[in-house]
1. Measure off 7 Å from each Cα along the Cα-to-Cβ vector at GLU94 and GLU195, then give the distance between these two points in nanometres to one decimal.
2. In whole percent, and with a 1.4 Å probe on the protein chains, what portion of the accessible area of region 90-233 is carbon and sulfur?
3. To the nearest 20 debye, what charge dipole does region 96-239 have about its Cα centre, counting +1 at the Cβ of each Lys and Arg and -1 at the Cβ of each Asp and Glu?
4. Around TYR210, under 10 Å between beta carbons, what's the net of Lys plus Arg minus Asp minus Glu among the other residues?
Amino acid sequence: MILIMENLLQFFSRNKDALLAIGVLLTFFVSIISLYFSVRNNKAVHYVNSITKSRIEWIQKIRDTVSVFISKTNVYNNAYYKGDYDKSGEHLSECQKLCTEIKLLLNYCDKRDKEICNLVDAILENHRKYCDSIHNMQVDKKGYFIEGEEEKRIKKQIEEDISELVKKLHIYLKAEWNRVKYESQGKIYEKETREFDIFELEQKYDNPGYTSNIWKRFYIDVSTKIKRVCCLPGFIIVVLVGVIVMLSFLIA
């Protein structure tokens, strides 16, 4: 290290013009990089603001749509039309429309989105079976349907699937809201950090006494950011230029 410093000092003392030229080039290079990142950051700010607003609207839209869907497919919240196939068909068509809207609001490539879509499909299918079976049910003296074992099984499955849908949507929307808070502050919500947050939300949902592991989250977040920065083209260029400058001094 001492030898390198001595070589650098000797080189600068013998080549003042070269030192000036290198300084000018480095200043120019740094200015170009600064301008590039400044323009890119301005564009990023406008983009993030637009995305954040759209995401908030999307969260509200999917929450409202799923709420209506659950209300329509919950056996206890609906008056069915025994023998009236037209009204029963209209009801099922509305449920199908809500199911399609929910699926179109989600990302079919994401694992958790697919799980929600599958639950919605299962609820709709069982609800359709229950509605069809109503036309053949008997009614007791109080006006209640006399359900068979199959109808009871279908109704129980609908209740369980709705409960699971509510759980998954609670966690899903909470994670999305965390992303909105990050992006609105100009921060990047790293994918690995988001996955860890979702894992912790799942633990807290089933166990309210669960304690968050803040140090593990900190490690995941920092290590992910370092990896991302090290892979940026600008960072790689700066490192390469630094290596070239050092090598030129050593060779001289």
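The values are calculated or read from the model by the stated rules, or taken from the named source; none is laboratory data. In this text the structure is predicted, and so the values were computed from the model without any measurement. No Cβ is skipped: glycine too gets one built from the backbone with ideal geometry, and neighbour counts run over all protein chains shown. Surface accessibility is based on the protein's heavy atoms, side chains included, excluding ligands, DNA and RNA. Shrake-Rupley method; radii C 1.70, N 1.55, O 1.52, S 1.80 Å.
1. Once both label points are built, they end up 4.2 nm from each other.
2. Values: 4920 of 8990 Å².
Roughly 55 percent of what the probe reaches on region 90-233 is carbon or sulfur.
3. Values: 27 positive and 26 negative charges, 116 e Å.
Value, rounded to 20: 560 debye.
4. On the way: positive: LYS204; negative: GLU200, GLU202, ASP206.
Around TYR210, the surrounding residues sum to -2.
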